[in-house]
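Just so it is clear, none of the values below were taken in a lab; they were calculated from the coordinates. What you see is a predicted model; the values in this text were computed from it and never measured. Glycine gets a Cβ as well: all are built from the backbone with ideal geometry, and neighbour counts include every protein chain shown.
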Ligand SMILES: NC(=O)C1=CN([C@@H]2O[C@H](COP(=O)(O)OP(=O)(O)OC[C@H]3O[C@@H](n4cnc5c(N)ncnc54)[C@H](OP(=O)(O)O)[C@@H]3O)[C@@H](O)[C@H]2O)[C@@H](O)CC1
Ligand SMILES: Nc1ncnc2c1ncn2[C@@H]1O[C@H](COP(=O)(O)OP(=O)(O)O)[C@@H](O)[C@H]1O
Ligand SMILES: [K+]
């Protein structure tokens, strides 16, 4: 499923969210005001999505439940048919005050009747404990009978920081910021479409969801080199290099050289083949200061030639995109091999390649950030939840993309796109994130099953639709 995820939205963990909330309370804002604000933002969305169908609000014992009582009150004020199923007594404070203001129909969760629209306000960012068997069975019956399940902040039962647990929703309305659970792994998928309710709580912005890029504007005297000249190193499986080169052209590069002892033949003829006799001849090809980026790894193989080609690419002064087999060849020595010089290096590992290079302790955000800081490279840690980590600690997450990308060769395209955007020069937004966005966006416009060879034409359409500056 392609999930709707807000662009450029902050992602914070539960502790950061609580700290942000406390900082706001310290300025004099009351908990009730914030809860009313959250409830109003959610009620607005629920009323739109419910389209007049009866709504059942499941209200838990904590502040998530408090939000639920506000939502029920505001829906009733809009004449939406709504009732509340209560789970546990609301805790003292804002949650109890909001519960006391609900004067509509209410029953215990265990006695609730099925409704077409269910608002899940049982548990939020508090640490969830498993429900006891009776409640769990009742909950799954209520959820199974609903046509639309909307979770407030999180599907109840999911841990905010890890996504572990068992709740599910069709739509999740995140309050104030997304949490790791909304974007990572199985938990992310379980949240369905994500909406962000802006409740005006200032939060850290060093971790964001991916956003549409701005591409650098061409000067009047733009030429094929200034648009971005890239060299794609072709190896044992020349088709993979071809895909990277083809995607680089599609993503706007002005000049793409496919270099190898046997680069793939065939269209497009704009892909310039540079056939070299020996792997060591790559050195002469890369001795060209018009080259803006070198892409190495797709289909490189792991033989002696592959080692030679990688050594030469690493010794060149060019910006690098390192993918596939080249990542495996680097392995644990990646940091010392790529060095800490001025050029930009982007590594694009999938989970297996990442584990061969880095210690994967912690969740994907933590592990990828640590890897970027240790290596000095920008890392695109691919998968259904692609995490881009920069050496300065910032993270960007791309998720909710067409799972049809899970086909051999789609990563080769991504390496080529990133190479093209890196070579296109400065002036736009970050080229690595731009590349990841273009790849995902193009895939989102394809059917579930598509041939990767067909994606480049769509990538060009996405490039042409991007604003420039
Ligand atoms: N941060 C913000 O800016 C804003 C936050 N807001 C809202 O606050 C929410 C966080 O509220 P919260 O801290 O009260 O946590 P929440 O998850 O509602 O409840 C935890 C309670 O559930 C209980 N419990 C757990 N599992 C259980 C089980 N199986 N069976 C029974 N009980 C169980 C648990 O009990 P305990 O484990 O502690 O015994 C605890 O009492 C947040 O998600 C958002 O919706 C907005 O109002 C405004 C802006
Ligand atoms: N389930 C999925 N949903 C969305 N995107 C996916 C999924 N699985 C893989 N991808 C994306 O598809 C691409 C696969 O790259 P990779 O594993 O390197 O494949 P290959 O090397 O065969 O080209 C990556 O961009 C990855 O993020
Ligand atoms: K919830």
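A few points about this structure:
- Between helix 31-50 and the chain: long-axis angle, C-alpha atoms, 0 to 90°, nearest 10: 80
- Rough spin-label spacing in nm, given labels placed 7 Å along Cα→Cβ, for residue 444 and residue 343: 3.3
- Virtual spin-label span in nm between residue 269 and residue 332, 7 Å along Cα→Cβ: 5.1
- FRET efficiency for the residue 315 to residue 464 pair, using the beta carbon distance and R₀ = 35 Å, is estimated at 0.45.
- Sorted peptide list for 212-221, 181-190, 246-255, 195-204, criterion being average Cβ within 10 angstrom, highest first: 246-255, 181-190, 195-204, 212-221
- The separation of the range 207-232 from the range 117-191, counted between C-alpha centres, amounts to 40 Å.
- Site pair residue 224 and residue 141 shows an inter-label distance of 7.1 nm when each label is modelled 7 Å from Cα along Cα→Cβ.
- R0 of 35 Å, Cβ-Cβ distance residue 307-residue 426: FRET efficiency to nearest 0.05: 0.60
- Mean projected area of the convex hull spanned by the Cα atoms of the range 47-160, taken over all viewing directions: 6.4 nm².
- Dimensionless Rg ratio for the range 242-332, taking C-alpha atoms and the 2.2 N^0.38 Å reference: 1.02
- Computed log₁₀ I(q)/I(0) - Debye formula, equal Cα scatterers, no solvent, the chain, q 0.10, 0.13 Å⁻¹: -0.76, -1.05
- Per the Debye formula on identical point scatterers at the alpha carbon atoms of the range 14-204, with no solvent, log10 I(q)/I(0) at q = 0.18 Å⁻¹ is -1.21.
- With 0.36 nm allotted per residue and the present C-alpha distance subtracted, the residue 280-residue 96 stretch has 58.8 nm of extension available.
- Burial order of peptide ranges 439-450, 272-283 (average beta-carbon count within 10 Å, highest first): 439-450, 272-283
- Relative to the longest principal axis of the Cα atoms of the chain, the long axis of helix 455-465 makes an angle of roughly 70 degrees.
- Longest to shortest principal axis, alpha-carbon extents of the range 310-423, angstrom: 37, 29, 23
- Stokes-Einstein translational diffusion, the range 102-149 - Kirkwood Rh over all Cα pairs, 1.002 mPa s, 20 °C, in µm²/s: 179
- Per-residue extension of 0.36 nm, minus the Cα-Cα distance of residue 108 and residue 133, leaves a gain of 7.4 nm for this segment.
- Per-q log10 I(q)/I(0), the range 229-465, q = 0.08, 0.09, 0.12, 0.18 Å⁻¹ (Debye; single scatterer per alpha-carbon; no solvent): -0.25, -0.32, -0.58, -1.40
- Applying 1/(1 + (r/R0)^6) with r as the Cβ-Cβ distance of residue 23 and residue 289 and R0 = 56 angstrom yields a FRET efficiency of 0.65.
- Protection proxy ranking of 452-461, 23-32, 111-120, by the mean of other Cβ atoms within 10 Å over each peptide's residues and highest first, is 111-120, 452-461, 23-32.
- Nearest-ten-degree value, helix 133-145 long axis tilted from longest Cα axis of the chain: 70
- Most simply put, the chain has about 15% antiparallel DSSP beta bridges, counting only bridges with both residues inside it.
- Compared with the direct C-alpha span, the chain from residue 217 to residue 373 gains 53.1 nm at full extension, assuming 0.36 nm per residue.
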